[in-house]
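Every read-out reported here was derived from the displayed coordinates using simple, explicitly stated rules and does not represent laboratory data. Just so it is clear, the model here is predicted, and its values are computed rather than measured. A quick note on method: Cβ atoms are made from the backbone with ideal geometry, for glycine too, and the neighbour counts reach across all protein chains shown.
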Amino acid sequence: MMTPAILEVAPLPPGTCMICGCNSGPMIDTMVQYDIYGRQYICLQRCVPMLAELTGYVAPAALEELQATCDRLQTDVAELGDALVAEKDNKVVSLEDFRKFAKSGPVTV
Ligand SMILES: [Zn+2]
């Protein structure tokens, strides 16, 4: 098996992507050659991303973006958790304080 290569153009006939038929942009030269069909190329613009997505591959740039989003969301969750705890501390009275309050009798104004 020959190692595929990326080329700026598809120089050998038919000179098109074996999947979508386009003939522009960089192509992966599969190094596969058939007498009837010619050289087999796959375009980088459309078909490689489609095949990558089909196999579950995530492009490094997209992965970086997802990681940044995940980091931001984790920070948001942590901040919301801190805010919730702070709010809870402001509104919740300890049982001991409640007992003291209950023993102090009715409040007169
Ligand atoms: Zn294509």
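Taking region 55-72 as the range and being part of a helix (DSSP H, G or I) and of a type outside the set (A, V, I, L, M, F, W, C) as the test, the residues that pass are PRO60, GLU64, GLU65, GLN67, THR69, ASP71, ARG72. Among residues that are within 14 Å of the ligand (Cβ to nearest atom) and basic (Lys, Arg), ARG99 is not included. When region 1-24 is filtered for residues that are small (Gly, Ala, Ser), within 12 Å of the ligand (Cβ to nearest atom) and loosely packed, with under 14 Cβ neighbours inside 10 Å, the ones remaining, listed by number, are GLY21, SER24. THR75 meets each of the listed conditions (1) in a helix (DSSP H, G or I); (2) within 25 Å of ILE28 (Cβ to Cβ); (3) hydroxyl-bearing (Ser, Thr, Tyr) apart from (2).
Taken over region 25-79, the criterion of being within 16 Å of the ligand (Cβ to nearest atom) and of a type in the set (Asp, Glu) is satisfied by ASP29, GLU53.
When we screen GLN40, GLN33 for residues that are surrounded by 15 or more Cβ atoms within 10 Å (Cβ to Cβ) and among the polar types (S, T, N, Q), the only hit is GLN40.
Taken together, the residues in region 56-109 that are of a type in the set (Phe, Trp, Tyr) and within 30 Å of ARG46 (Cα to Cα) amount to 1. Within region 52-108, the residues that satisfy the criterion of being closer than 30 Å to ILE19 by Cα and hydrophobic (A, V, I, L, M, F, W, C) are ALA52, LEU54, VAL58, ALA59, ALA61, ALA62, LEU63, LEU66.
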